[in-house]
Structure formats: C-alpha cells, structure tokens
Amino acid sequence: MSKKKRIVIALGGNALGNTLPEQMKAVKITAKAIVDLIEEGCEVVVAHGNGPQVGMVNNAMIALTHEDADQPNTPLSVCVAMSQAYIGYDLQNALREEMLNRGIENIPVATMITQVRVDETDPAFSAPSKPIGKFVSAKQAKTMEEKFNYIMKEDSGRGYRRVVASPKPVEIIEIDTIRAMVESGDLVIACGGGGIPVIRQGNHLKGASAVIDKDFASCLLAKELDADFLIILTAVEQVALNFGKPDEKWLSDVSLDEAEKYIKEGHFAPGSMLPKVQAAVDFAGSKKGRTALITLLEKSRDAIQGKTGTMFHL
Ligand code: ADP
Ligand code: MG
C-alpha cells in the first residue's frame, strides 16, 4: 500500500463562525469535510484561525478589569491560549463524533496548545498593523492607551480599534510532540490562531503582544511535518485575478513564477488573500512533491482530486 498522503488543513473564519452557538454549528460541518479526507485515506493535521474568538476573549477579559479592580489586564498571548483551548475543545469533539458516526474508532483526536516563536527584531513589531477586538470611541481609545499601553488606531471611519504586530512564525515550540502524535496516527489540532506568540529569553518563553497569521503558521507546520499538501480553506472556492472586478478570472492551477507575478501586480488583498497565496507559494516551493491548495471547506475533497480550488506547485 502506498504511503498515506499527509495533509495540513488551515481552517479560516467561516469554518468556525463568530459566536459560541455559531461555532457549535460550524464545527459539525467542518468535521464532515475533514473526516471525508480521512475516509479518502489521508492523514490530516488541523490548524485554524481565531480572529473573532480571540477578539471575544480579549473583550471578556477587559470587561473583567471593570468588574473587579483587583484583576490586571490579560496579555494577548494568554487570550490566544484561551482561544486555542476553546476552539480545540469544540473541534475535537465534533471530529470525534463524526468519526464515530462513520465507524472510525481507531483515531484519537487531541488539541495541542501550541506556542510559536517569533523574532523580537521582526520589523512587524515596530509597525503594528493588525486590528483586533471591538470598535471604541476616541475617548475610550485614549483611556485604553493610557491604562493598558495599547496602540489604538482609527479604522476607516468606524471608530478606534487596537492594533497589534503580526510577526512571522519562526519555530513551533511543541513540534516534536505534534510530530510524535501525528506519527502514531492521532488526529491533531495545532497552531490555533497562528500559535501563541512567544519570544525566547534564555530558557524562558515570554508571551508577545502579537497575532501570528494562521496562514503562515500553517505553512511552517506543514513544512515541519513534511506534509504532501497544505490546504487553506476559506470563503472562496478559488483565487481570482482582478477579484471583484468585471474582468475577474478564477485560477485553477498556478505555477510559482505566475504566482509571484500576480502578487507583484497586486491581485491579492493584504491581510486576507495575500498571506494565503504567500503561504501557498512558500510551501509549494519548499520541496518537490509539495502542493498547496486554496479552496472552500465543502470543496476540499474535490480539490485534492484536482476538480476545483486553486493549486500551487513547483
Ligand atoms: P480567512 O478567515 O479564511 O482567513 P479572509 O477573509 O482573511 O478569510 O480571506 C479570504 C477572503 O479574501 C475572501 O473571502 C475574499 O473576499 C478575499 N480576497 C481578496 N483578494 C482575493 C482574490 N484575489 N481572490 C479571491 N479572494 C480574494
Ligand atoms: Mg484571514
């Protein structure tokens, strides 16, 4: 029998929803798509985003400081850890149930709380750009800057939001454990929300006030696990040139040279499609035989069979 194809799946926002009840529902659909791949004989590792969830946890923890004056503010790294556990809990239960419903009883599911090291000198730290949490007034923004040392920025006329740095992932701290679990046949959920960003200080890992892009973290995870596929699941079935314009053109198959050209021409929106295409190019270019795919959750099975999605390869 040929070796099982190893797939790292990066789940986007629509795979998880925005609220607790939405997530409960969404993970059921997500689990079906993932177990479809397992039934096809693939070995799957799951990574995911956490935008709405980490915003929610962060807001809840700020509310706690208003309720109880003894409570200091919660660092963003801790909020990411909480979001990993909350999302992992829902996902691992949904995956377990879906597998049992289909008679798959030999694949244990577990979430790995994952720390991802970032470089303290990453230029992203001096130019925080990623908005997180809710919109507040100018007055509230000023208070938050003074009270919590936050950097607050006006966001396209809608009010002020906190912005944080989005440094590149350098090292997955728990990679050996993740690899061991994957090798022993477990279905692992790891690098949630791009991982808990940490900076190395000797033996100490210090949480960083940052959010790592989950597309880049998933790419690093896929490379570290020597995966065959990186599948980035998002809200569009394919990547487009001239997206949203009359001459929009959907892409099925992209060589890395073409992808680089399209990136330079500005076809992919920064903060949404651009990091996905960059991650896809990085993974597909890192070793022969590695393929990256960007598609819709519901289309993942069709996409690995080459029927849809946008495929990136050497
Ligand atoms: P996720 O939560 O999956 O990371 P994002 O909203 O960050 O999702 O990114 C996916 C979105 O990127 C798509 O829903 C689409 O609106 C947008 N997008 C921007 N540029 C493109 C493009 N060139 N082709 C397709 N989608 C694009
Ligand atoms: Mg995104």
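Quick notes
- Number of the exception - residue 104 against (1) surrounded by fewer than 16 Cβ atoms within 10 Å (Cβ to Cβ); (2) closer than 28 Å to residue 145 by Cβ; (3) β-branched (Val, Ile, Thr): (2)
- Candidates in the stretch 1-17 are the residues that are farther than 18 Å from residue 296 by Cβ and in contact (Cβ under 8 Å) with a residue 12 or more places away in the chain; of these, the one that is farthest from ligand 2 (Cβ to nearest atom) is 4.
- Taken over the stretch 219-258, the criterion of being within 18 Å of residue 270 (Cβ to Cβ) and within 12 Å of ligand 1 (Cβ to nearest atom) is satisfied by 232, 234, 235, 236, 239, 240, 241, 242, 243, 244, 245.
- Residue list for the stretch 107-131, filter: surrounded by fewer than 19 Cβ atoms within 10 Å (Cβ to Cβ), within 23 Å of residue 86 (Cβ to Cβ) and among the hydrophobic types (A, V, I, L, M, F, W, C): 107, 110, 113
- Residue list for the stretch 7-30, restricted to those being of a type in the set (A, V, I, L, M, F, W, C) and either within 14 Å of ligand 1 (Cβ to nearest atom) or under 16 Å from the mean Cα position of the chain (by Cα) (or both): 7, 8, 9, 10, 11, 15, 16, 26, 27
- Screening the candidates 54, 35, 27 for the property of being closer than 21 Å to residue 271 by Cβ, in a helix (DSSP H, G or I), touching a residue at least 24 places away in the same chain (Cβ under 8 Å) and of a type in the set (A, V, I, L, M, F, W, C) yields one hit, 54.
- Unique residue being farther than 20 Å from residue 22 by Cα and hydrophobic (A, V, I, L, M, F, W, C) when the list is 113, 132, 87: 113
- Being assigned to a helix (DSSP H, G or I), of a type in the set (Val, Ile, Thr) and either in contact with a Cys (Cβ under 9 Å, 6 or more places away or on another chain) or surrounded by fewer than 20 Cβ atoms within 10 Å (Cβ to Cβ) (or both) is a property that holds for residue 78.
- Boolean, residue 269 is under 18 Å from the mean Cα position of the chain (by Cα) and among the small types (Gly, Ala, Ser): yes
- Any hit, the stretch 182-205, residues being among the β-branched types (Val, Ile, Thr), surrounded by fewer than 23 Cβ atoms within 10 Å (Cβ to Cβ) and under 21 Å from residue 27 (Cβ atoms): yes
- Some residue of the stretch 195-218 being under 13 Å from the mean Cα position of the chain (by Cα) and over 18 Å from residue 80 (Cα atoms): no
- Tally of residues being within 15 Å of ligand 2 (Cβ to nearest atom) and modelled with pLDDT under 95 across the stretch 167-210: 0
- Where helices (runs of 4 or more DSSP H) fall entirely within the stretch 233-314, those with at least 3 residues that are in contact with a helix residue (DSSP H, G or I) (Cβ under 9 Å, 6 or more places away or on another chain) and under 21 Å from residue 50 (Cβ atoms) are at 273-286.
The values are calculated or read from the model by the stated rules, or taken from the named source; none is laboratory data. Here the structure is a predicted model, which is why all the values come from computation and not from measurement. All Cβ positions, glycine included, derive from the backbone under ideal geometry; neighbour counts span all protein chains shown.
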